[in-house]
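Asker: Quick one: the structure is below, and I'll ask about it shortly.
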Amino acid sequence: MGARGLTLEPVCAPLPRAGLLSSGSVLSGPAWQLRGVEVEVAVRLGRDLMPDTAAPDIASVLAAVDAVLPVIEVVETRLAQWRESDPLAQLADLQSHGALIIGAPSNMRPAQLDLRTVVAYLAFDGQPVASTRGGNPAADLWRLLGWLAWHCMQRGQPLRAGQIITTGSCTGMLFAPERARVHADLAGIGHVDLQF
């Protein structure tokens, strides 16, 4: 999930369970053509988030979140003409989702998390390729999560305890070379690694 600006409507897509992988995973083979990499902040729900009539308020969202996690979303596509594809085709392609590499839960309390101040670092083979502060254009995490809870509830797929929700790129998308070692660090949250 993410949004291109503080006041713009978010977009979202479900992430298949098979693509949720732990830090240190190796992604090799012909399926990994693009190797797009985005450093993101994710949250894990500790309880169901099922609003009755509208998007829940910040207090309700905060009460449902039990952990903050560092993640890397790996961008891949099943579309032949990926960059020229219709936006709805890209949405059907799960927003070009390939895998979500999940780091260990942070010691940070969810209430401390502010996307506007998150410092993100990304390196390929030990060489820095991105370093940002407040790089996530959505800016307001709690607006995103409230929107998602109501969006999913309206479609009969409420958010459930244990689900992990990622919140959009803090670094933009960068493309890793073949066989690259990828390391990401989110200051105060944690780090996550993968190998292509």
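Asker: Considering only residues that are open to solvent by less than 70 Å² (accessible area, probe 1.4 Å), over 20 Å from Arg155 (Cα atoms) and in a loop (DSSP other than H, G, I, E, B), look in the range 32-52 and name the one that is modelled with the lowest pLDDT.
Answerer: Per the criteria, the residue is Leu34.
Asker: Then there is this: Looking at (1) hydrophobic (A, V, I, L, M, F, W, C); (2) at pLDDT 95 or above; (3) farther than 30 Å from Gln195 by Cβ, find the lone condition where Ala130 falls short.
Answerer: Tallying (1) hydrophobic (A, V, I, L, M, F, W, C); (2) at pLDDT 95 or above; (3) farther than 30 Å from Gln195 by Cβ, Ala130 fails exactly one: (3).
Asker: Could you list, in sequence order, all residues of the range 11-31 that are open to solvent by less than 30 Å² (accessible area, probe 1.4 Å) and out of contact with any His (no Cβ under 8 Å at 6 or more places or on another chain)?
Answerer: Scanning the range 11-31 gives Ser25, Leu27.
Asker: Would you tally the residues in the range 95-128 being open to solvent by less than 60 Å² (accessible area, probe 1.4 Å), at negative phi and of a type outside the set (S, T, N, Q)?
Answerer: Summing the residues that are open to solvent by less than 60 Å² (accessible area, probe 1.4 Å), at negative phi and of a type outside the set (S, T, N, Q) in the range 95-128 gives 18.
Asker: Any chance you could count how many residues in the range 141-183 are part of a loop (DSSP other than H, G, I, E, B) and hydrophobic (A, V, I, L, M, F, W, C)?
Answerer: Going through the range 141-183 one residue at a time, the tally reaches 5.
Asker: What number of residues within the range 153-179 satisfy the criterion of being of a type in the set (Val, Ile, Thr) and touching a helix residue (DSSP H, G or I) at 6+ places or on another chain (Cβ under 9 Å)?
Answerer: Here the count works out to 2.
Asker: Tally time: how many residues in the range 53-90 are modelled with pLDDT under 90 and surrounded by fewer than 16 Cβ atoms within 10 Å (Cβ to Cβ)?
Answerer: Looking only at that region, the number is 10.
The values are calculated or read from the model by the stated rules, or taken from the named source; none is laboratory data. Computed from a prediction, not measured in an experiment: that's the story for all the values here. Glycine also receives a Cβ, built like all others from the backbone with ideal geometry; neighbour counts cover every protein chain displayed. The protein model used for the area step is the full one, side chains on, heavy atoms only, and it has no ligands, DNA or RNA in it. Shrake-Rupley method; radii C 1.70, N 1.55, O 1.52, S 1.80 Å.
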